[in-house]
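The values are calculated or read from the model by the stated rules, or taken from the named source; none is laboratory data. Since this is a predicted model, take the numbers as computed values, not measurements. FYI the Cβ positions are ideal-geometry reconstructions off the backbone, even for glycines, and counts take in every protein chain you see. Keep in mind that these areas ignore ligands, DNA and RNA; they rest on the heavy atoms of the full protein, side chains included. Shrake-Rupley method; radii C 1.70, N 1.55, O 1.52, S 1.80 Å.
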Amino acid sequence: MTTIYHDEDANLDAVRGETVAILGYGNQGSAQAKNLRDSGLAVVVGNIDDSYRDEAQRDGFEVVSIPEAAARGSLLFLLVPDEVMPEVYTRQVAPYLAPGKLLCFAHGYNIAFGFIDPPEFIDVVLIAPRMIGAGVRQSYLSGEGFASFVAVHHDATGRARQRMLALAKALGSTRAGCLELSMKDEATLDLFTEQAFGPAFGRVLMTAIDTLVEAGYPPEAVLLELYLSGELAYSFLQLRELGALRQHALHSHTSQYGTISRSLRYFDLDPILKEKMRESLEEIRSGAFAHEWSTNREEKLEFIKKAREIQASLPLTRWEEETRRAFRIGEAAAKRSGPRPQAQPR
Ligand code: NDP
């Protein structure tokens, strides 16, 4: 049976009087620090000397080095990028761990695949938002909250679950709901979405663009029709609000009949998609992907750089830019967002 926690399952008293150390004031760190402070917890920020440090200071936080914050806090939120986390943990956090402290992750990756192995004498928990940092903050402010996967990986104090739930409540997550999973399952689901669902969906989109452009339709019209108008994004929102199948009812009868009757034509893609998705799932579960990504990191970063260069030179990128400019897409959002963009390309 799946366990889902809400506000009534959590009590902030479980962490009252303790200090939270936010280690890394990035996408998640900045949002989580503000939510925890607004919920009445004492927060100190640990960050390297960069523009995020200045931002944390502007936001009114006391900012110190990562080791100093790790030493001062008893509730340590490790919120640096996953690929640098093992190094940061080993050199700047582990030396300051002591019995009674709690280490909180926002993603199970490094624990699940053995890159970080915390000592037995601390609590280790997961509060993994299913939301980007900007959404973590916005949904706290709106009162809606955001869903998370949570896990107690190690309970040294006997109070790890109460502390984790108190922190999830202070973040605004128990307002929406926190579903309990193991760290490995959280990491696997997250990687599967990125490595199987994402690429498969991307192929479908690219094939649709190619089919229509090859048939002579103007690229701008094709992109607008398929996703740039925002209709697709709206329909995706309705998947959440109404359900994947019930959202069909929002569309015209012509649309409903066409979609349902022609769906059958694509059923024979299932076996091939499933085979590839199982392959991705197995690579993730076995740790083969994690091993691959942690080996020759410089080569992998070069691969990402090359892929970005190729992307930048593709006609699709030019078509998108022209269409976005012509329809003033993104102008309002750019005006709304402050110094930190809503979603940061990395
Ligand atoms: P960011 O990429 O935003 O970076 C976080 C901070 O770490 C930044 O201040 C960054 O500074 C700093 N940093 C980078 N490299 C180092 C280093 N070598 N030493 C010390 N500090 C460093 O991280 P995210 O907020 O995206 O991710 C944090 C955690 O949250 C991860 O575990 C991630 O999986 C998880 N998560 C992220 C989500 C998201 O929406 N981004 C969603 C759910 C979970 P600088 O950039 O200047 O290098």
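What about Gln195, is it part of a helix (DSSP H, G or I), open to solvent by 30 Å² or more (accessible area, probe 1.4 Å) and within 22 Å of Lys34 (Cα to Cα)? Talk me through it step by step, then tell me what you get.
Working: part of a helix (DSSP H, G or I): yes; open to solvent by 30 Å² or more (accessible area, probe 1.4 Å): yes; within 22 Å of Lys34 (Cα to Cα): no.
It is false that Gln195 is part of a helix (DSSP H, G or I), open to solvent by 30 Å² or more (accessible area, probe 1.4 Å) and within 22 Å of Lys34 (Cα to Cα).
For the range 313-321, state whether one or more residues are in contact with an Asp or Glu (Cβ under 8 Å, 6 or more places away or on another chain) and modelled with pLDDT of 90 or more.
Narrowing the range 313-321 to residues in contact with an Asp or Glu (Cβ under 8 Å, 6 or more places away or on another chain): 319.
The next check asks that each one be modelled with pLDDT of 90 or more; those that pass are 319.
Among the residues of the range 313-321, at least one is in contact with an Asp or Glu (Cβ under 8 Å, 6 or more places away or on another chain) and modelled with pLDDT of 90 or more, which makes the answer yes.
If you take the residues of the range 104-118 that are touching a His at 6+ places or on another chain (Cβ under 9 Å), over 15 Å from Ile22 (Cα atoms) and not small (Gly, Ala, Ser), which of them is surrounded by the most Cβ atoms within 10 Å (Cβ to Cβ)?
Initially, the range 104-118 is screened for residues touching a His at 6+ places or on another chain (Cβ under 9 Å), giving 105, 108, 111, 113, 118.
Subset that is over 15 Å from Ile22 (Cα atoms): 108, 111, 113, 118.
Still in the list and also not small (Gly, Ala, Ser): 111, 113, 118.
Numbers: Ile111: 24, Phe113: 22, Pro118: 21.
For the range 104-118, the residue satisfying everything is Ile111.
Right, Phe289: modelled with pLDDT of 95 or more and open to solvent by 80 Å² or more (accessible area, probe 1.4 Å) or not? Break it down stepwise before answering.
On the way: modelled with pLDDT of 95 or more: yes; open to solvent by 80 Å² or more (accessible area, probe 1.4 Å): no.
So Phe289 fails the test.
Are any residues in the range 129-179 over 19 Å from Ala21 (Cα atoms) and within 12 Å of the ligand (Cβ to nearest atom), and if so, which ones?
Result: Arg130, Met131, Ile132, Ala134, Gly135, Phe146, Ala147, Ser148, Phe149.
Which helices (runs of 4 or more DSSP H) sit wholly inside the range 1-79 and have at least 2 residues that are at pLDDT 95 or above and more than 16 Å from the ligand (Cβ to nearest atom)? Steps first, answer last, please.
Values: elements: 27-38, 51-58, 66-72.
Because the criterion is at least 2 residues that are at pLDDT 95 or above and more than 16 Å from the ligand (Cβ to nearest atom), the helices (runs of 4 or more DSSP H) in the range 1-79 that meet it are 27-38.
Quick test of your reading of the structure: His107 fulfils all but one of (1) in a helix (DSSP H, G or I); (2) touching a residue at least 40 places away in the same chain (Cβ under 8 Å). Name the failing condition by number.
(1)
Going through Ala147, Ala160, Ala166, Ala156 one at a time, which residue ends up being in contact (Cβ under 8 Å) with a residue 40 or more places away in the chain and within 22 Å of Tyr25 (Cα to Cα)? Full working, then the answer.
Values: Ala147 fails: in contact (Cβ under 8 Å) with a residue 40 or more places away in the chain; Ala160 fails: within 22 Å of Tyr25 (Cα to Cα); Ala156 fails: within 22 Å of Tyr25 (Cα to Cα).
Every option except Ala166 fails the conditions.
Just checking, does the range 254-263 include any residue being within 30 Å of Phe113 (Cα to Cα) and not assigned by TED's automatic domain parsing to the domain that holds Ser139?
Filtering the range 254-263 down to residues within 30 Å of Phe113 (Cα to Cα) leaves none.
For the range 254-263, residues within 30 Å of Phe113 (Cα to Cα) and not assigned by TED's automatic domain parsing to the domain that holds Ser139: absent.
Taking the condition at pLDDT 95 or above, within 12 Å of the ligand (Cβ to nearest atom) and part of a loop (DSSP other than H, G, I, E, B), does Phe121 pass?
On the way: at pLDDT 95 or above: yes; within 12 Å of the ligand (Cβ to nearest atom): no; part of a loop (DSSP other than H, G, I, E, B): yes.
Here the answer is no, as Phe121 does not meet what is asked.
Restricting the first residue to the range 54-74 and requiring it to be over 24 Å from Leu102 (Cβ atoms), which pairs with a second residue that is outside any helix (DSSP H, G or I) meet a Cβ separation below 8 Å and a spacing of at least six or different chains?
Glu55/Tyr25; Glu55/Pro339; Glu55/Arg340; Gln57/Val63
From the list Gln238, Gln195, Gln162, exactly one residue is within 27 Å of Met131 (Cβ to Cβ) and at pLDDT below 95. Which is it? Before the answer, list the steps.
On the way: Gln195 fails: at pLDDT below 95; Gln162 fails: at pLDDT below 95.
When all the criteria are applied, what remains is Gln238.
If I ask for residues that are touching a Leu at 6+ places or on another chain (Cβ under 9 Å) and farther than 23 Å from Arg16 by Cβ, which ones from the range 42-82 would you list?
Across the range 42-82, the qualifying residues are Asn47, Ile66, Val80.
If I go through the range 241-278 residue by residue, how many of them are in contact (Cβ under 8 Å) with a residue 60 or more places away in the chain and open to solvent by less than 60 Å² (accessible area, probe 1.4 Å)? Don't jump to the end; show me each part of the working.
Of the range 241-278, the ones in contact (Cβ under 8 Å) with a residue 60 or more places away in the chain are 273, 276-277.
If we keep only those that are open to solvent by less than 60 Å² (accessible area, probe 1.4 Å) as well, we get 277.
Total meeting the criteria: 1.
Looking at Ala10, Ala31, Ala69, Ala42 in this structure, which one is in contact with a strand residue (DSSP E or B) (Cβ under 9 Å, 6 or more places away or on another chain) and open to solvent by 30 Å² or more (accessible area, probe 1.4 Å)?
Just one listed residue meets the conditions, Ala42.
Looking at the range 90-103, is at least one residue open to solvent by 30 Å² or more (accessible area, probe 1.4 Å), among the hydroxyl-bearing types (Ser, Thr, Tyr) and outside the structural domain of Phe289 (by TED's automatic domain parsing)?
Among the residues of the range 90-103, at least one is open to solvent by 30 Å² or more (accessible area, probe 1.4 Å), among the hydroxyl-bearing types (Ser, Thr, Tyr) and outside the structural domain of Phe289 (by TED's automatic domain parsing), which makes the answer yes.
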